[in-house]
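Colleague: Sharing a structure here in structure tokens format.
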Amino acid sequence: MLSRIADSMYWMARSLERVDNTARLLDINLLYLLEAEDALAEPAQWQPLLGIFRSEDNYAEIHGDADIRRDRVIRFMTQEKKNPGSLYSSLRVARENARVVRDRISFEMWEAMNEFWLEVDRHLKRPLRAEKAPEFFGYVRNQVARFHGLTMNTMMRGEPFSFYMLGNFLERADMTSRTLDVKYHMLLPDASMIGSPVDYYQWGALLKSLSAFDAFRRQYHAGLRPIDVVEFVILEPEFPRSLRFGVGRMEQAVQRIGTNRVECEICQAMVALKKQLEERTALSIFDYGLHEYLTDFLEHIDAFNNALQSDYFEAYLAADVECAT
Amino acid sequence: MLQTSSNSAAQSAMPYHEFYRDNFEPRNHYRPMWEHIRRTGQNELAEKAHEAHLAMHTDGVTFTVYGDHEEGIERVWPFDLIPRVIPASEWSQLEAGLKQRVRALNMFLKDIYHGQRVIKDGVVPAELVYEGKDFRREIRDIDPPHDIYTHISGVDLIRNVDGRYLVLEDNLRTPSGVSYMIENRIVERRILPEFFAQYRVRRVEHYPALLLQALRHLSPRGKDQAEIVVLTPGIYNSAYFEHTFLAKEMGVELAEGRDMVTKNNVVYLKTTHGLRRVDVIYRRIDDDFLDPLCFRSESVLGVAGIINAWRAGNVAIVNAPGAGIADDKAVYAYVPDIIRYYLGENSILQNVPTYQMSNAEDRAFVLDNMEKMVVKAVAESGGYGMLMGPSSSPSQRAEFARHITRDPRNYIAQPVIPLSRHVCYLDGELESRHLDLRPFIIYGEDIEVVPGGLTRVALTKGSLVVNSSQGGGSKDTWVLAE
């Protein structure tokens, strides 16, 4: 398929997944803070969110100071047009890319995306109030789910679909690792605690933001132990937001797309990424250092993204000979 | 050259009515429809009109109007319920006339890009060709596949007060509208199947299939290996809907200039698996933007090196670069002579009388009578660069007079022809509006005219401007079988 179209499919899916994750994280943070017993100061409650999106600098620049306040953060992460990582900006990118691939996606998908964008654009013309925000985030998550559902049920399983899967799961793995890294850092400064039950609400909030709470509790009955949470979120093969699950789907997509390269960057990046998950246990990850582990993982995600660029989206740069298909 | 100037009696006469005779009885071929409309009643018609609009909306049949917004505004294609009917005998005349015209214009193009006999024999003045904006010196002596230059034409026809069809413009560059011809038919059939029951209407939906065969016919690697693309300027172009439509209907790639690259005079598509060779490019961008190496260097819409690839015979470009000189509005006046010169026949379809502004006598006459004239820039289309004399203001006329005096070769003038009228269903009333007709002609192994076309309607009362960019609508067009 055309490289430009593949690129747009990929970014449509990535941006949409970003929209979903942004809504999830903000929603759970708001909900959790409603009943927080620990008297964390406002900046301490909201700073980690900016950390997950690596937006601290941009936040300070746009506001002229680094003063972190709830309403500001919500607006910055939801509707700030100058923030390329805001929900609004991500959805705009998703919709623009959908317009480019309009003849490759089903009519239902296009219609759903278009409606979603028009409604969010209308809704965010005014500042989003914190007490109204959960309702809005619920709407956003429903719309993303609707789009995914339509994709699964109406889209041809050809190359465009594989690029959609790549964008979707790469972004999800990326966000899951970052969320885990930041939250873990904040919630468990003392590594000796990994085998003991920890704060039910805080860790519960983390699992909820990944839609993992119920599934986790069905599987583990020893309370919320960090070692179990890490095992579940990173290594659980059946949990659709785990790193292992995501990397598995990415591998399937790459295999379906195939490559005619002799020196295949994407194959190497895939092997490196899988290696991060093979023969690992939660304990070995903690021995290595969770933060160090996640930092490595994110680097491999970046390398994979770059390999997609060079092997597929700019495949023509290296191509001296024409190919058959 | 001053052709017969229109007489003033004709100008003041009533425009031809397609639907009614002078006594307001419907013409024979509209009688069954008229009976049906009378039986149907207002409420049902209103409902049908609403359904038709919804159908266009949900199918995403849109066009883009350029305005203050950088990106343009996407509008739903305006469609009128009442179809236009063309009897078989009328159509066979039109068809013969269109084929004759397209055949002669192709011979003309081949000639002016090779030996230029037509100039040497004094049929068409040399300066008219050389000063034409769309004459491309760069492509002289190139032989396009099968000597075809205008693979797709959309000739605009109007009817004068006597009901005679006249050619208003030969659109030989990238005529648009064919997707709307098909969408109109699809919606009409869905909304008013009972209309069809009383007529034998010829089909039009095979147009993309015909086009695909014509394009495959041009492939340098043979038709079984033809990699065909539709080249679009992108999503903000007014006809982007049509580009998507045609690519989808033909099952070929819709590409932008940046999706292609040339190497060793071969054009390739940039794909996820490397480069894929391209054989035929149906381009929907103007010559000027086609190749920054050859024409406008700042163009980012085209593909660098594409003209050399074409020259080397490695790719076919549709329509051929340089074809626009044959629909230049100043050359237009010579088409009857061109037909006679190459085919030895009289032209079956007549022209609208045309005044050449490079001719001193014509120019003086027009400058004195501007309020009765339509003045047109020769290389513009889509209703842009045009002065409608009767509805113009003194300052607009003065402005065009200045343009004409400064650059006479760039303008022509024609007497205002009151376009024929037809019944339309507008806001709950049946009203008469002016319209024209654009049939589409494909020059492949043979010349074929799809039996139908795009009927464009000036929706504003009294208006003669049918362009969709300027408030025009459309009708389904029925050509009847014998």
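Colleague: Can you name the helices (runs of 4 or more DSSP H) wholly within region A:195-245 that have at least 1 residues being aromatic (Phe, Trp, Tyr), surrounded by fewer than 14 Cβ atoms within 10 Å (Cβ to Cβ) and without any contact (Cβ under 8 Å) to a residue 40 or more places away in the chain?
Modeller: On the way: elements: A:200-209, A:213-219, A:226-230.
Counting at least 1 such residues, we get A:200-209.
Colleague: Moving on to the next point. Mind checking whether some residue in region B:103-124 is crowded, with 21+ Cβ neighbours inside 10 Å, out of contact with any Lys or Arg (no Cβ under 9 Å at 6 or more places or on another chain) and at pLDDT below 95?
Modeller: Yes, the conditions are met somewhere in region B:103-124.
Colleague: Still on this structure, I have one more. Out of the residues in region B:233-250 that are away from chain A (no Cβ under 11 Å), assigned to a loop (DSSP other than H, G, I, E, B) and not hydrophobic (A, V, I, L, M, F, W, C), which is nearest to the chain's Cα centre (by Cα)?
Modeller: Going through region B:233-250, the residues away from chain A (no Cβ under 11 Å) turn out to be B:233, B:237-239, B:242, B:250.
Now restrict to residues that are assigned to a loop (DSSP other than H, G, I, E, B): B:233, B:237-239.
Next, from what is left, pick out any that are not hydrophobic (A, V, I, L, M, F, W, C): B:233, B:237-238.
Values: B:Pro233: 19, B:Asn237: 17, B:Ser238: 15 Å.
By that ranking, first place goes to B:Ser238.
Colleague: Residues that are crowded, with 17+ Cβ neighbours inside 10 Å, in contact with a helix residue (DSSP H, G or I) (Cβ under 8 Å, 6 or more places away or on another chain) and not in a helix (DSSP H, G or I): does region B:394-407 have at least one?
Modeller: No, that holds for no residue.
Colleague: Sort out which residues of region A:246-270 are modelled with pLDDT under 90 and either in contact with a Cys (Cβ under 9 Å, 6 or more places away or on another chain) or crowded, with 18+ Cβ neighbours inside 10 Å (or both), and write them in order of number.
Modeller: The answer is A:Thr259, A:Asn260, A:Arg261.
Colleague: Kindly indicate whether any position in region B:168-182 is within 14 Å of chain A (Cβ to nearest Cβ) and of a type in the set (Gly, Ala, Ser).
Modeller: Within region B:168-182, the subset within 14 Å of chain A (Cβ to nearest Cβ) is B:179.
So of that shortlist, the ones also of a type in the set (Gly, Ala, Ser) come out as B:179.
Yes, region B:168-182 contains a residue that is within 14 Å of chain A (Cβ to nearest Cβ) and of a type in the set (Gly, Ala, Ser).
Colleague: Being touching a residue at least 60 places away in the same chain (Cβ under 8 Å) and within 17 Å of B:Ser219 (Cα to Cα) is the filter; apply it to region B:251-308 and report the residue that is nearest to the other protein chains (Cβ to nearest Cβ).
Modeller: Going through the qualifying residues, I end up with B:Asp279.
Colleague: Please go through (1) in a helix (DSSP H, G or I); (2) at pLDDT 90 or above for B:Arg38 and return the number of the only condition it doesn't satisfy.
Modeller: The failed condition is (2).
Colleague: Got at least one residue in region A:272-286 being under 30 Å from A:Gln202 (Cα atoms), aliphatic (A, V, I, L, M), touching a His at 6+ places or on another chain (Cβ under 9 Å) and part of a helix (DSSP H, G or I)?
Modeller: Taking every residue of region A:272-286 in turn, at least one turns out to be under 30 Å from A:Gln202 (Cα atoms), aliphatic (A, V, I, L, M), touching a His at 6+ places or on another chain (Cβ under 9 Å) and part of a helix (DSSP H, G or I).
Colleague: Residues of region B:339-361 being modelled with pLDDT of 90 or more and buried (at least 16 other Cβ atoms within 10 Å of the Cβ), which ones?
Modeller: B:Ile339, B:Tyr341, B:Tyr342, B:Ser347, B:Ile348, B:Leu349, B:Gln350, B:Asn351, B:Val352, B:Pro353, B:Thr354, B:Tyr355
Colleague: Please verify whether region B:439-446 includes one or more residues that are in contact with a Lys or Arg (Cβ under 9 Å, 6 or more places away or on another chain) and among the aromatic types (Phe, Trp, Tyr).
Modeller: Yes, region B:439-446 contains a residue that is in contact with a Lys or Arg (Cβ under 9 Å, 6 or more places away or on another chain) and among the aromatic types (Phe, Trp, Tyr).
Colleague: Oh, and also: Go through region A:5-118 and tell me which helices (runs of 4 or more DSSP H), entirely inside it, have 1 or more residues that are aliphatic (A, V, I, L, M) and modelled with pLDDT under 90. Lay out the reasoning, then the answer.
Modeller: On the way: elements: A:42-52, A:56-63, A:70-78, A:87-100.
Here the list reads A:42-52, A:87-100.
Condition check ((1) closer than 18 Å to B:Ala377 by Cα; (2) over 23 Å from the mean Cα position of the chain (by Cα); (3) not in a strand (DSSP E or B)) across all residues:
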| position | (1), (2), (3) |
| --- | --- |
| B:Lys110 | no, no, yes |
| B:Val123 | no, yes, yes |
| B:Leu128 | yes, no, yes |
| B:Phe135 | yes, no, yes |
| B:Gly154 | no, no, no |
| B:Leu157 | no, no, no |
| B:Val161 | no, no, yes |
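Colleague: Scan region A:249-281 residue by residue and report those that are more than 14 Å from chain B (Cβ to nearest Cβ) and among the charged types (D, E, K, R).
Modeller: A:Arg249, A:Glu251, A:Lys274, A:Lys275, A:Glu278, A:Glu279, A:Arg280
Colleague: May I pose another question? Out of the residues in region A:289-314 that are away from every other protein chain (no Cβ under 14 Å) and acidic (Asp, Glu), which is farthest from A:Gly246 (Cα to Cα)?
Modeller: Ranking the qualifying residues of region A:289-314, first place goes to A:Glu292.
Colleague: Return the residue satisfying two criteria in turn: it lies in region A:91-111 and is under 23 Å from A:Ser55 (Cα atoms) and buried (at least 23 other Cβ atoms within 10 Å of the Cβ), and of such residues it is farthest from the other protein chains (Cβ to nearest Cβ).
Modeller: Filtering first and then ranking leaves A:Leu91.
Colleague: When B:Lys110 is evaluated against the numbered criteria (1) touching a helix residue (DSSP H, G or I) at 6+ places or on another chain (Cβ under 6 Å); (2) within 21 Å of B:Pro439 (Cα to Cα), which criterion, by number, is the only one it fails?
Modeller: (2) is the only condition that B:Lys110 fails.
Colleague: Step by step: first the residues of region B:202-232, then only those that are closer than 24 Å to B:Ser299 by Cβ and assigned to a loop (DSSP other than H, G, I, E, B), then the one that is nearest to the chain's Cα centre (by Cα). Which residue is that?
Modeller: The initial filter retains those residues of region B:202-232 that are closer than 24 Å to B:Ser299 by Cβ, namely B:215, B:218, B:227-232.
If we keep only those that are assigned to a loop (DSSP other than H, G, I, E, B) as well, we get B:218, B:227, B:232.
On the way: B:Leu218: 22, B:Glu227: 26, B:Thr232: 17 Å.
So, considering only residues that are closer than 24 Å to B:Ser299 by Cβ and assigned to a loop (DSSP other than H, G, I, E, B), the one nearest to the chain's Cα centre (by Cα) is B:Thr232.
Colleague: While we're here: Looking at region B:418-435 only, could you name the residues that are closer than 28 Å to B:Ser358 by Cα and surrounded by 22 or more Cβ atoms within 10 Å (Cβ to Cβ)?
Modeller: B:Leu419
Colleague: State all residues of region B:196-250 that are among the β-branched types (Val, Ile, Thr) and without any contact (Cβ under 8 Å) to a residue 60 or more places away in the chain; if no residue qualifies, say none. Walk me through how you get there before you give the answer.
Modeller: Taking region B:196-250 first, the residues among the β-branched types (Val, Ile, Thr) are B:201, B:204, B:228-230, B:232, B:235, B:244.
Answer for region B:196-250, where residues must be among the β-branched types (Val, Ile, Thr) and without any contact (Cβ under 8 Å) to a residue 60 or more places away in the chain: B:Ile228, B:Val229, B:Val230, B:Thr232, B:Ile235, B:Thr244.
Colleague: If you scan region B:12-51, which residues turn out to be at positive phi and among the hydrophobic types (A, V, I, L, M, F, W, C)? Talk me through it step by step, then tell me what you get.
Modeller: First, the residues of region B:12-51 that are at positive phi: B:24, B:41.
Of everything in region B:12-51, just one residue is at positive phi and among the hydrophobic types (A, V, I, L, M, F, W, C), namely B:Phe24.
Colleague: Now for a different question. Go through region B:297-320 and give me each residue that's in a loop (DSSP other than H, G, I, E, B) and in contact with a strand residue (DSSP E or B) (Cβ under 9 Å, 6 or more places away or on another chain). Steps first, answer last, please.
Modeller: If we filter region B:297-320 for residues that are in a loop (DSSP other than H, G, I, E, B), which is where we start, we get B:297-305, B:312-315, B:319-320.
Scanning region B:297-320 gives B:Leu301, B:Gly302, B:Val303, B:Ala304, B:Gly305, B:Ala312, B:Asn314, B:Val315, B:Asn319.
Colleague: While we're here: All but one of (1) touching a Phe, Trp or Tyr at 6+ places or on another chain (Cβ under 7 Å); (2) free of Cβ contacts under 8 Å to residues at least 40 places away in the same chain; (3) buried (at least 19 other Cβ atoms within 10 Å of the Cβ) hold for A:Gln79; which doesn't?
Modeller: (2)
Colleague: Just wondering, is there one or more residues in region B:221-228 that are away from every other protein chain (no Cβ under 11 Å), touching a helix residue (DSSP H, G or I) at 6+ places or on another chain (Cβ under 8 Å), more than 24 Å from B:Glu445 (Cβ to Cβ) and surrounded by fewer than 22 Cβ atoms within 10 Å (Cβ to Cβ)?
Modeller: no
The values are calculated or read from the model by the stated rules, or taken from the named source; none is laboratory data. Small disclaimer: the values here were computed from a predicted structure and weren't measured. We place every Cβ from the backbone using ideal geometry, glycine too, and count neighbours over all the protein chains shown.
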